[in-house]
Amino acid sequence: MKKLPLFIIIVIALSLFAAADYYLNNLDGQVLLDLKEQITEVTAAPEPPEAPETPVITSRFMIDQDVEGYQVINQLQTRQIFESTDLSNINNITITRNEFIKRAEQEEETLPPLFIYEIRGPASQGSLTYLNVKLQLIAQINTVTKTLNETSEFGQNSFFFNDKNYENTAFLLVQIHDNLFGFQYDKGKTTVYDDVKRIIQSLMSQLS
């Protein structure tokens, strides 16, 4: 009768050892799994945000370039011309606004800047690009204060855009082969108009 309780004690002890071993093995596995997850979280650095794309300036002119006595001081990509007409509806064109400055001869003052809008369209479609730009100007024009006067004086096609709200500013669009050039300049200086004509002649010879 004394052997039976001893046998039961041995069975209970073995059961306790087996249970403890099972618990410890599972605990080690869980701890190892938790450590792996923590290490993964620490080592997996967050991806940096994508930097915004910088518009590529495509222009015949370069910053600091000298053009008929004018210096290019600024360039920007835009979807407007003459700071008033949106050309976003015209596909396959790029527009660059170039800002030029020139010192007035024999004067202390600085002349107002000359702006040249350079519009590039598909190859061999300069006349079509010119027509599309002209139609956009007409569609957005305020006939009370703005008029468009076609002229054949410059390039393959050209027109003056007049705005009564800016009576001292001239706006001229010229097609030179596949490219268009919009000139925005001060009417108050006749020498500036002569400069514009020289720039157009220079572009005509370069793009011929």
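Structure summary
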read-out: Contact order normalised by residue count of region 66-207, Cα under 8 Å, 6+ apart, percent; value: 21 percent
read-out: Inter-probe distance in nm under a simple model that places probes 7 Å from Cα toward Cβ, at MET62 and ASN91; value: 3.4 nm
read-out: Estimated inter-spin distance, GLN140 and GLU153, nm [label 7 Å along Cα→Cβ]; value: 2.5 nm
read-out: Pairs beyond 18 Å (Cα-Cα), from LYS146/LYS197; LYS134/LYS197; LYS102/LYS187; LYS102/LYS197; value: LYS146/LYS197; LYS134/LYS197
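Rule-based calculations on the coordinates, nothing more; no lab input. Given the structure is predicted, the values throughout are model-derived calculations rather than measurements. Note that each Cβ is placed from the backbone with ideal geometry, even for glycine, and that neighbours are counted across all protein chains shown.
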